[in-house]
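Contents: one structure, followed by commentary.
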Amino acid sequence: MLLTPRREIAPFQTPDRIPPRLGFWLLCLGIFMVLSAAVRLTLTIWIALDTPDSFLSFAVAWLVGLADDAATAVLLGLPFLLGLYLLIRVFRWRTGKALAHLLLVGLLGLAVFAAVAELFFWDEYNSRFNGIAVYYLIFPKEVLGNIRESFDLRIYLPAIAAIVLAIYAVLRRRLNHVLETPLQSGEWRRSAAVAAAATLLALPFLLGGPYEPVIARTTNELAVNGMHSILNAFLTNDSKYDGIYPGIDEAEAIPLLRDMVRQDNTTNLATPGERSLRRHIDNGPMPAKKLNVVLVLEESFGSVYFEDVFEDRQRDYRNTVSPNWHRIAEDSLLFTNIYATGDRTVRALEAIFTSFPPIPGISTARRNGSEGMNSLPFLLRQFGYRSTFLYGGPTSFDNMGYFWRSIGFDRVLGQSDIADRGFKTIWGVADEYMFKEALARIDDMAAEPGPFFFACLTVSNHRPFRYPDGRIPQRPGLGFKEQAAAYADWSLGQFIDAARDKPWFDDTVFVLIGDHGPKVWGAAQIPVQGFRVPLVIYAPKHLKPARNPVLGSSMDVAPTLLGLLGLSYDSPFFGIDLHRVPPGGGRIAMAHNFDVAVGDGRNAVILTPKGATRPYAMQPGPFQLQPVPAETVPALIMKQAAAQTQTAHRMFYARQYHELSEKP
């Protein structure tokens with residue numbers, strides 16, 4: 001009896017109705033979605049423990065998020081599917097098969113690494129990948145160095161590798177089957193039809209997002225895929241305004257803005273139809289002697305390290321993270337309700353030195369066209385000041401060196417110009433060595449005739465939070481971040497103490513300010529409490545100690561300083577002199593991702609893409625914004641928010657914020 005041999009079915013044989021290459025592609029998309037869901041589940045637990053939200057809000061965010069995962073998977077997976085078909089012949093070679101397996105392992109490694117990185121990014125920034133992640137990708141040397149110095153890769157890399165190899169073990173035989181299976185009749189057309197249909201469904205969803213289906217910002221982060229978030233940030237960092245954000249008729253916006261910056265010593269110099277805030281500020285007769293200025297911009301030094309003195313809860317500051325800031329503040333003019341305009345150092349540079357408000361997307365310090373913006377160093381030059389900026393890190397990072405030169409600093413110095421680099425991280429030299437160099441450079445400037453303006457930016461209070469041993473006591477209960485802040489405070493104290501012995505000290509005004517808070521947190525669309533920073537102006541021979549609770553922004557620093565110096569000048573600055581703000585006045589402006597907030601201490605509105613305006617109740621201090629019905633917020637502040645942001649955007653791109661600096 002003849003037996004008919006049984007036909008052997010290849011392992012994991014894909015039914016003909018689903019072409020093998022298409023089936024493998026869909027499986028890979030499913031794995032991407034599983035990884036994304038694992039990240040979302042972890043973040044959900046994190047958010048629920050930190051800022052609890054309703055079950056319905058989480059459910060809605062999850063539904064939208066899963067759809068975003070699928071749409072993102074399709075978009076990112078299209079080149080992979082295309083490669084499976086275009087490289088069929090190559091993949092049949094032995095070398096081609098090896099290359100295909102290596103490519104699969106590499107893509108899996110990238111996906112798993114990105115998933116783990118999202119969790120670390122959330123821990124640091126309380127957000128999905130955003131514009132900050134884009135900035136860091138532009139500077140891979142600093143990013144990779146920061147990762148290496150911040151985390152024990154001997155723990156994380158093997159764990160990532162194990163996950164990658166486990167997934168690869170599941171996919172390996174399926175990939176071999178795909179590589180060995182000849183192209184079936186009509187397979188290309190069927191796969192193309194499925195991919196085209198998936199793309200048509202995905203693109204409208206991707207182009208319409210990111211979506212914000214609920215009120216809480218952190219819960220809304222669950223409604224977006226991390227890869228979609230960073231891609232969106234990369235494409236829209238230099239964001240447009242008109243047609244995307246709430247607008248206002250310019251004929252109404254310009255007079256409204258001029259009212260916002262008008263004070264009892266200002267005279268408008270702009271014509272009625274001109275898009276300008278140019279005005280004359282009269283600070284009285286010219287002083288007999290111009291005081292020197294030393295401005296210290298402290299990295300990531302927010303009011304969270306200073307809250308006790310703000311609230312007057314603790315008079316013994318020796319046990320705080322910042323005892324030196326405290327003792328300096330006791331002899332200084334201390335402003336207790338100042339808010340940074342963003343959560344990046346370049347936002348602080350924009351606000352403090354050019355008194356320019358935040359516009360959606362990246363800071364003007366990183367945009368083409370920042371050259372020649374009206375600035376503090378430019379104005380001081382008109383009064384005979386020589387200016388220098390010293391940075392503890394490389395000046396090429398984040399375009400900072402170019403920006404400082406382009407807005408009028410005579411000299412820009414960086415890490416390579418510091419003589420003693422006794423300790424450094426990937427971001428630059430430790431603060432004590434930067435301050436040591438600062439003292440030497442200030443000595444040189446003081447030896448020449450005329451006043452000087454010296455500004456510097458520290459780096460130590462930044463991940464990886466490393467600093468020289470033996471400088472500060474290690475206190476139980478303080479984390480790495482707080483210890484680094486304590487070291488930054490110690491370095492500042494050493495600098496001020498050394499400066500007191502210098503002959504130029506008595507004729508110098510010191511301005512100390514944090515560039516932004518150490519972390520943005522909370523459920524509000526813009527967590528304003530994380531943007532609050534200390535501002536201390538110290539000149540014991542010229543200023544009486546005082547505490548000023550006026551509401552203000554870091555873009556008010558330059559006008560306030562110029563007022564204290566007694567210098568009268570012409571200016572288009574958006575900032576105002578905080579000493580001339582009437583009781584209950586003052587305003588803040590800040591950007592977070594692609595949203596912009598403007599507040600007056602009682603109310604705040606947030607401008608979001610697609611023309612939405614979100615109203616909130618605001619209380620100065622360590623308090624989050626509280627959503628309120630639109631009818632409870634005055635229409636005036638909504639108009640002010642749109643007028644300021646829209647006009648600033650238009651002025652920048654029309655080079656109408658450059659008119660004074662461009663005069664010969």
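Can you give the net charge of the other residues whose Cβ lies under 15 Å from the Cβ of G65, counting K and R as +1 and D and E as -1? Don't jump to the answer; show the numbers that get you there.
Values: positive: R40, R128, R217; negative: D53, D68, D69, E118, E212, E221.
Taking every other residue near G65 into account, the sum is -3.
Using unit Cβ charges (K, R positive; D, E negative) and no other charged atoms, how large, in debye to the nearest 20, is the dipole of the range 408-525 about its Cα centre?
Numbers: 13 positive and 17 negative charges, 141 e Å.
Dipole size: approximately 680 debye.
Tilt of helix 55-86 relative to the longest C-alpha principal axis of the chain, in degrees (0 to 90, nearest 10)?
60 degrees
In whole Å, how far is the Cα centre of the range 270-309 from that of the range 333-376?
A separation of 12 Å, based on Cα centres.
With +1 assigned to the C-beta of every Lys and Arg and -1 to the C-beta of every Asp and Glu, and no other charges, what is the dipole magnitude of the chain about the Cα centre in debye, to the nearest 20? Intermediate results must be reported in sequence, preceding the final value.
Numbers: 64 positive and 63 negative charges, 440 e Å.
It comes to approximately 2120 debye.
Would you please classify the overall shape of the range 150-231 from the alpha carbon gyration tensor, given that a ≥ b ≥ c denote the square roots of the eigenvalues, rounded means a/c under 1.5, and beyond that prolate means a/b larger than b/c while oblate covers the rest? Let's see the in-between values first.
Numbers: a/c = 3.88, a/b = 1.14, b/c = 3.39.
Cα axes put the range 150-231 in the oblate bin.
Name the residue farthest towards the positive end of the dipole of the range 20-236 from the options A37, A98, L66, assuming +1 on Cβ of Lys and Arg, -1 on Cβ of Asp and Glu, about the Cα centre.
The residue sitting most towards the positive pole is A98.
Please sort 589-597, 416-424 by packing, taking for each peptide the average over its residues of neighbouring beta carbons within 10 angstrom, highest first. Don't jump to the answer; show the numbers that get you there.
Details: 589-597: 26.4, 416-424: 13.9.
Ranked by mean Cβ neighbours within 10 Å, highest first: 589-597, 416-424.
For every helix of n ≥ 4 consecutive DSSP H residues, a contribution of -39,500 (n - 2.57) applies; sum these over the chain, divide by its total residues, and give [θ] at 222 nm rounded to the nearest 500 deg cm²/dmol.
Working: 20 runs with 297 residues, N = 664.
The helix contribution divided over the chain gives -14500 deg cm²/dmol.
If packing is taken as the average number of other Cβ atoms within 10 Å across a peptide's residues, how do 508-516, 53-61 rank, most packed first? It would help to have the intermediate numbers written out before the result.
Numbers: 508-516: 23.8, 53-61: 15.9.
Result, highest mean Cβ count within 10 Å first: 508-516, 53-61.
For S460, what residues show an amide H to amide H distance below 5 Å, using hydrogens built from the backbone and excluding near sequence neighbours?
D431
Specify the inter-centroid distance of the range 95-119 and the range 522-601, based on alpha-carbon positions, in whole Å.
Distance between centres, Cα-based: 48 Å.
What residue among G243, S127, F205 has its Cα farthest toward the positive end of the dipole of the chain, where the charges are +1 on Lys, Arg and -1 on Asp, Glu, each on the Cβ?
Selected residue: F205.
What are the extents of the Cα atoms of the range 458-582 along their three principal axes, in Å, largest first?
Sorted largest first, the three principal extents are 49, 48, 24 Å.
Read phi for every residue in the range 211-224 and hand back ³J(HN,Hα) as whole Hz from Karplus 6.51 cos²θ - 1.76 cosθ + 1.60, θ = phi - 60°, with x for Gly and Pro.
With the stated coefficients, the range 211-224 comes to 9, 10, x, 10, 7, 5, 4, 5, 5, 4, 5, 6, 8, 9 Hz.
Checking the a/c ratio against 1.5 first, then a/b against b/c, what shape does the Cα gyration tensor give for the range 535-664? Could you put the intermediate results ahead of the total?
Details: a/c = 2.55, a/b = 1.25, b/c = 2.04.
Oblate.
Could you give each residue of the range 510-517 its phi-based ³J(HN,Hα) in whole Hz, using Karplus coefficients 6.51, -1.76, 1.60 with θ = phi - 60°, and x for Gly or Pro?
With the stated coefficients, the range 510-517 comes to 9, 10, 10, 8, x, 6, 5, x Hz.
Between E250 and Q382, take the C-beta separation as r, use R0 = 22 Å, and let me know the FRET efficiency to the nearest 0.05. List each step's numbers first, then the result.
Details: r = 30 Å, r/R0 = 1.37.
Plugging the Cβ-Cβ distance into 1/(1 + (r/R0)^6) gives 0.15.
Between R547 and I155, what is the label-point separation in nm under the 7 Å Cα-to-beta-carbon projection?
Once both label points are built, they end up 4.0 nm from each other.
Would you work out which of L379, F510, Q644 lies farthest towards the positive end of the dipole of the chain? Charges go on Cβ: Lys and Arg +1, Asp and Glu -1.
So the residue furthest toward the plus end is Q644.
Counting pairs of alpha carbon atoms under 8 Å apart in space and at least six apart in sequence, what relative contact order in percent does the chain give? Let's see the in-between values first.
Numbers: 1157 pairs, mean separation 127.2, N = 664.
Contact order relative to length: 19 percent.
Let me spell out the model: positive unit charges on the Cβ of Lys and Arg, negative unit charges on the Cβ of Asp and Glu, origin at the Cα centre of the range 206-262. What dipole size does that give, in debye rounded to 20?
On the way: 4 positive and 8 negative charges, 38 e Å.
In debye, rounded to 20, the range 206-262 gives about 180.
Given labels modelled 7 Å from the Cα in the Cβ direction, how far is it in nm from N268 to L82?
Calculated label separation equals 5.5 nm.
Rank-order 321-333, 291-303 by packing density, defined as the average count of other C-beta atoms within 10 Å over each peptide's residues, highest first.
Values: 321-333: 20.9, 291-303: 24.2.
Descending packing order for the listed peptides: 291-303, 321-333.
By how many nm would the segment from L103 to R275 lengthen if fully extended, with 0.36 nm per residue of separation less the alpha-carbon distance?
Details: separation 172, 0.36 × 172 = 61.92 nm, distance 5.46 nm.
Full-extension gain reported as 56.5 nm.
Given a Förster distance of 25 Å, report the FRET efficiency between L110 and F480 from their Cβ-Cβ distance, rounded to the nearest 0.05.
Details: r = 28 Å, r/R0 = 1.12.
In this case the efficiency is close to 0.35.
Counting only residues 5 or more places away or on other chains, whose amide H sits under 5 Å from the amide H of R532 once H atoms are built in the peptide plane?
S303, A340
Based on Cα positions only, what radius of gyration and what Dmax would you give for the chain, in angstroms?
Looking at the chain, its Cα Rg and Dmax stand at 28.2, 121 Å.
Could you work out how much longer the chain between V90 and R421 gets when fully extended? Use 0.36 nm per residue separation minus the Cα distance between them, nm to one decimal.
Details: separation 331, 0.36 × 331 = 119.16 nm, distance 5.25 nm.
Using 0.36 nm per residue and subtracting the Cα-Cα distance, I get 113.9 nm.
Can you list residues from other chains, or at least 5 along the same chain, whose modelled amide H is less than 5 Å from the amide H of I248?
none
Report the label-to-label distance for R405 and T199 in nanometres (one decimal), using points 7 Å from each Cα along the Cα→Cβ vector.
The two pseudo-label positions are separated by 4.4 nm.
Laboratory data are not the source of any read-out in this text; all were calculated from the coordinates shown. Please read these numbers as outputs of a predicted model, since none were measured by experiment. FYI the Cβ positions are ideal-geometry reconstructions off the backbone, even for glycines, and counts take in every protein chain you see.
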